[in-house]
Every structure is written in C-alpha cells, then in structure tokens.
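The values are calculated or read from the model by the stated rules, or taken from the named source; none is laboratory data. Keep in mind that this is a model prediction, so the values were computed, not measured. Don't worry about glycine lacking a Cβ; one is built from the backbone with ideal geometry, like all the others, and counts go over all protein chains shown. Note: areas computed on protein heavy atoms with side chains; ligands, DNA, RNA excluded. Shrake-Rupley method; radii C 1.70, N 1.55, O 1.52, S 1.80 Å.
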Amino acid sequence: MSGTSAALKPPADAVKPVRHPEAPAPGELLGAHYAQCFGCGGGQPHGLHLEARAGEGVTLTAEFAVQPAHQGAPGLAHGGVLASALDETLGALNWMLRTIAVTGRLETDFVRPVPVGTTLHLQAEVSAVAGRKIYSTATGRIGAPDGPVAVRADALFIEVKVDHFVDHGRREEIQAAMNDPDQARRARAFEVNP
C-alpha cells in the first residue's frame with residue numbers, strides 16, 4: 001500500500017513468519033472461530049459469514065458475499081463492513097501461526113465500490129513478526145480471485161494471552177467457549193477479537 005503509516009512497517013529486526021506445524025493444511029476451510037462472531041460466525045443473521053481457507057506458508061484466502069444487509073449507499077457495500085471483512089481475514093491469519101492476537105491497527109484503502117450481490121475474494125498474508133507484533137496485509141478483489149482490486153489493508157496484530165478475553169469479555173460467553181470439548185474450537189474462539 002502506498003501511504004502506509006510508519007506504525008505498520010515492520011522494524012529492521014522483524015523476522016519472516018513461520019507457519020505453525022499444526023496449522024490447517026493448505027486448502028482446508030478454517031470454519032468459524034466462534035459462532036457469534038460478526039465476521040465468520042453462523043450465529044449472526046446479518047454477519048459477514050466470511051469463509052477462509054488456509055494457503056501456503058502464512059497465507060489464506062477468503063470469500064465474502066455482499067448481501068443487502070451490508071450496504072451503505074444504495075446497492076453498495078458499506079465501507080465499515082468492507083473494513084470488517086478485511087479485519088476478519090487478517091485476524092484469521094493468526095491461526096496459521098497458532099497465536100492468539102488482537103487487532104492493534106488497521107489501515108484500509110478503498111479502491112473501487114463493491115456492489116451488493118458481489119463476492120469479494122480476499123487474499124492475506126503475514127509479512128513479518130517482531131516480538132508480540134504481527135504485520136500482515138490483505139487485498140480484496142471483485143468477482144474473482146484475479147478480478148479488479150476493490151480494497152486493500154495493512155494491519156498490526158498484537159499477541160495476547162487468553163486472560164485478555166477473560167478480563168474483558170462477558171463471563172458467560174467466555175465460560176461457554178472455554179468449556180467447549182473440542183480443543184481446536186476452544187483455542188480458535190479467542191483468536192482475533194480485540
């Protein structure tokens with residue numbers, strides 16, 4: 001991205017990201033990290049229902065079908081909804097690292113309007129890691145993985161412990177997620193929310 005702020009440029013001592021050995025295999029559907037997540041959860045009737053698939057290395061692809069409930073101007077996706085789709089996609093990357101992290105900063109460029117009824121094809125990758133900081137980038141294209149670029153984003157995620165969610169979340173929902181017998185789903189429930 002041109003114009004990316006200094007806060008989103010990895011420091012000189014940043015390292016290349018390393019895919020966790022237990023990360024989902026390339027092509028594998030990641031599924032919702034939490035049923036009530038606005039970005040990927042099936043429990044949100046007007047949510048994004050974004051579907052992400054693991055890519056090679058520390059990358060992934062995702063698709064977001066823009067519905068009438070997602071519009072801002074008549075017939076066009078709301079910019080905040082598009083930013084949410086980018087944030088959800090970028091946050092899902094942390095599952096390739098098997099790291100719990102929250103969005104620290106997100107900078108978005110809106111290149112062209114995205115019509116309702118369009119499928120936005122997103123590609124994302126982690127570019128660098130420096131301590132607890134994870135630097136990543138994403139691009140959204142209209143209609144096809146090689147379609148015209150509509151949105152782009154750079155992001156900084158900060159690694160946190162699960163206590164971050166326990167201390168700031170709603171106790172009953174945190175407890176329900178922590179009691180999930182599926183260990184992978186339990187870990188994913190805490191992967192991206194700020």
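Set the Förster radius R0 to 25 Å, insert the Cβ-Cβ distance between GLN67 and ARG105 as r into 1/(1 + (r/R0)^6), and round the FRET efficiency to 0.05.
Working: r = 28 Å, r/R0 = 1.12.
Working from the Cβ atoms, E equals 0.35.
To the nearest 20 debye, what is the magnitude of the charge dipole of the range 1-159 about its Cα centre, counting +1 on the Cβ of each Lys and Arg and -1 on the Cβ of each Asp and Glu? Please list the in-between numbers first.
Values: 11 positive and 14 negative charges, 46 e Å.
For the range 1-159, the charge dipole is close to 220 debye.
ARG98 to ASP146: extension gain in nm, 0.36 nm per residue of separation minus the Cα-Cα distance?
Working: separation 48, 0.36 × 48 = 17.28 nm, distance 2.85 nm.
Gain on stretching ARG98 to ASP146: 14.4 nm.
Heavy atoms only, probe 1.4 angstrom, no DNA, RNA or ligands counted: give me GLU28, GLU22 ranked by accessible area, highest first.
On the way: GLU28 90, GLU22 125 Å².
Result of the area sort, largest leading: GLU22, GLU28.
Using a simple spin-label model with points 7 Å from Cα along the Cα→Cβ vector, what separation in nm is obtained for ASP13 and VAL160?
It works out to 2.5 nm between the two label points.
With the cut-off at 1.5 for a/c, could you classify the range 2-128 from its C-alpha gyration tensor as rounded, prolate or oblate?
Numbers: a/c = 2.11, a/b = 1.33, b/c = 1.59.
It comes out oblate by the Cα gyration axes.
Roughly what would the spin-label model give for ALA83 and ARG132, points 7 Å off Cα along C-beta, in nm?
For ALA83 paired with ARG132, the spin-label model returns 2.4 nm.
Kindly sort TYR34, TYR135 by accessible area of their heavy atoms, largest first, with the probe set to 1.4 Å.
Most to least solvent-accessible, the answer reads TYR34, TYR135.
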